[in-house]
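Student: Okay, here's the structure, questions in a sec.
The values are calculated or read from the model by the stated rules, or taken from the named source; none is laboratory data. Predicted model only: the values in this text are computed from it and were never measured. All Cβ positions, even for glycine, are placed from backbone atoms using ideal geometry, and neighbour counts span all protein chains on display. We work out accessible area using only protein heavy atoms, side chains counted, and drop any ligands, DNA or RNA first. Shrake-Rupley method; radii C 1.70, N 1.55, O 1.52, S 1.80 Å.
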Amino acid sequence: MRLAVLDKDRCQPRMCGYQCIKFCPRVRTGDETIITGEDGKPVISEELCPGCGICVKRCPFEAIMIIGLPEELEEPTHRYGKNGFALYGLPIPTAGKVSGLLGPNGIGKSTVINILSGSLRPNLGKSMTEWEEVLDHYAGTAVRDYLEGVSRNKIKTSQKPQYVDMIPKKFKGKVSDLVSRVDERGVLKDLVSKLDIENIMERRIDELSGGELQRVALAACVAKEADFYFIDEISPYLDIYQRIKAARIIRELAEEKAVMVVEHDLAILDLLADVVHIAYGTPGGFGVITHPKGVRVGINEYLKGFLREENVRIRAEAIEFEVHAPQAAKEVSTLLKFGEFSKKYEEGFELTARGGEIRKGEVTGIVGPNGIGKSTFVKVLAGEIEPTTGGIDIDIKVSYKPQYIKADEQVAVADLLRSITRQFDTSYYQTEILKPLQLERILGQNVSDLSGGELQRVAIAACLSRTADLYLLDEPSAHLDVEQRVLTTKVIRRFAENNKVSAMVVDHDIYMIDMLSDRLLVFEGQPMLSGEVLGPFNMRDGMNRFLRNIGITFRRDEETKRPRVNKLDSQLDRTQKAEGEYYYSLK
């Protein structure tokens, strides 16, 4: 079985002169394998296509995908017209459980929620389909019972959007106005307390930070009365403390409701979900949703790249984790030494640093709660603000990727990056930056038209494209899926080592920090009041200190060696705390 997918937004037949039609061998013999549609775009016959791939190679805009599907896949659950994206399978939420949905971006997760919420009727791959035909197709299955409720408007849904930074564009007013109008379950007071948003209730939505918006969005979603709750990424902009609080709220909700969560922070997904559905396929081409799997088994199979039950390999290489995070100190020279300094703001917050050093060719991870001074510290290093006491003699070039990225530039991605670096057209830049960050397909798009994940990868590339001695990246994992986070981690590490430059990364994804960092800076104190910079530590000492502050322990999975959060007050949790090994036991 074969799928032919055409990205109509990328397809520009007036500029290429229909290269796909001209060079198709079947068209040259007289067959109508590719014809011109009513909209002027090519239409590819999947029945006649031999799968030679010539049209794919000849298309200058990389708008065509020819995909060979496993024979066992039957007709799709939904397809977006001729030569459009196809979705196979459908997860069904279960009352009393949190169902996780794990897969790369562009694999059909949005299509899944649109179908489950009733805003999109599955068409079974046909041009027109009525509900009766859909229900007959799924007769005798749990999918049929759920879709019948959707078709009769008996299923009410509540959704937390993925991109919370879009909320101020759709709602104007105070936080209290937004959340009070949706408090159908009468739980708002409890949610406000648990999410620590009491002090922002009278502030305007457009004045909130990303982390504040994330918590307000979660409160608004959970406060509604619904049968099915869909939570699309709770981790962006939240620190590990806030992520665990959010996970507990969702777990409490799932005691009586059906909840489905899309999350790329595997530590949080592991803690949060009861079962997990794996979404695999070709992003933008097709997606397949598996049957539910146990959380540990599902995540491990996803990391290994092989789904045992389906007998499908979804990735050429497994995502691997080091058995021991701390590594022996390397003989490297020092890039920058900073002594004791402090920075105090009129609002009352004060950051103090004891002093330390940054080494060449190393990546230093920065961890700590939000509002503890991490951005202030980075800005002092970048020379953007002056400390109140003490000082840093900075005689180096710094490149900085901020936490919040604006996308208002009407310029193509390629033009933006080319304006930053002369290496854009070199093989090194193509191999080490563009390809692993998966930017090749979006080089022709305007920056203002990019999704959150695409914009994040462009911002990372732009930061690494500048000539500098020190590269500061604030939350590079936001909006990236699991595979993109792994690739981004490798790009940053390789870049620092190959170019003998230093990088400092602020992030709340423990997996990413684990794979990325040589050493760790730990921030402690009282958020919004005072913060203290400690370290850099080696990885074991730093992570033990950090996790002790949170009150959670990690263990290594026996198969994949990935960190896993121990259940609170479990035997292993108590044993590791007694040993002082919060990161993972050496035994």
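Student: Among the residues of the range 422-452, write down those that are under 20 Å from V486 (Cα atoms) and charged (D, E, K, R).
Tutor: Selection gives E432, K435, E440, R441.
Student: Can you tell me which residue among V182, V164, V175 is in contact with a Ser or Thr (Cβ under 9 Å, 6 or more places away or on another chain), open to solvent by less than 40 Å² (accessible area, probe 1.4 Å) and either of a type in the set (A, V, I, L, M) or within 30 Å of H78 (Cβ to Cβ) (or both)? Outline the logic, then answer.
Tutor: Details: V164 fails: in contact with a Ser or Thr (Cβ under 9 Å, 6 or more places away or on another chain); V175 fails: in contact with a Ser or Thr (Cβ under 9 Å, 6 or more places away or on another chain).
From the options V182, V164, V175, the qualifying one is V182.
One line per residue, one yes/no per condition, for (1) in contact with a Leu (Cβ under 9 Å, 6 or more places away or on another chain); (2) over 18 Å from V222 (Cβ atoms):
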| site | (1), (2) |
| --- | --- |
| A258 | no, no |
| V261 | yes, no |
| L272 | no, no |
| A279 | yes, yes |
| T282 | yes, yes |
| G287 | yes, yes |
| V295 | yes, yes |
| G298 | yes, yes |
| E301 | yes, yes |
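Student: Another question about this same structure. Conditions: (1) within 30 Å of E256 (Cα to Cα); (2) in a loop (DSSP other than H, G, I, E, B). L87 meets all but one. Number of the miss?
Tutor: Checking L87 against (1) within 30 Å of E256 (Cα to Cα); (2) in a loop (DSSP other than H, G, I, E, B), the one that fails is (2).
Student: Given Y428, Y471, which one is outside any loop (DSSP other than H, G, I, E, B), crowded, with 18+ Cβ neighbours inside 10 Å and among the hydroxyl-bearing types (S, T, Y)? Before you say what the answer is, go through the steps one by one.
Tutor: Values: Y428 fails: crowded, with 18+ Cβ neighbours inside 10 Å.
None of the other options fit; the residue is Y471.
Student: I'm trying to understand the selection: among the residues of the range 83-95, which are modelled with pLDDT of 90 or more and either on the phi < 0 side of the Ramachandran plot or open to solvent by 30 Å² or more (accessible area, probe 1.4 Å) (or both)?
Tutor: G84, F85, A86, L87, Y88, L90, P91 - these are the residues of the range 83-95 that are modelled with pLDDT of 90 or more and either on the phi < 0 side of the Ramachandran plot or open to solvent by 30 Å² or more (accessible area, probe 1.4 Å) (or both).
Student: Does the range 504-531 hold any residues that are in contact with a helix residue (DSSP H, G or I) (Cβ under 7 Å, 6 or more places away or on another chain), open to solvent by less than 20 Å² (accessible area, probe 1.4 Å) and under 21 Å from V482 (Cβ atoms), and which are they?
Tutor: Correct list: V505, V506, D507, H508, D509, I510, Y511, M512, L516, S517.
Student: Looking at the range 96-128, which of its residues are within 16 Å of V275 (Cα to Cα), open to solvent by less than 10 Å² (accessible area, probe 1.4 Å) and not β-branched (V, I, T)?
Tutor: Within the range 96-128, S99, G100, L101, L102, G103 meet the criteria.
Student: Name the residue that is nearest to A414 (Cα to Cα), counting only residues in the range 452-461 that are small (G, A, S) and open to solvent by less than 10 Å² (accessible area, probe 1.4 Å).
Tutor: Kept after step one, since they are small (G, A, S), are these residues of the range 452-461: 452-453, 459, 461.
Within this subset, residues satisfying the condition of being open to solvent by less than 10 Å² (accessible area, probe 1.4 Å) are 453, 461.
Working: G453: 17, A461: 11 Å.
Only one residue fits best here, namely A461.
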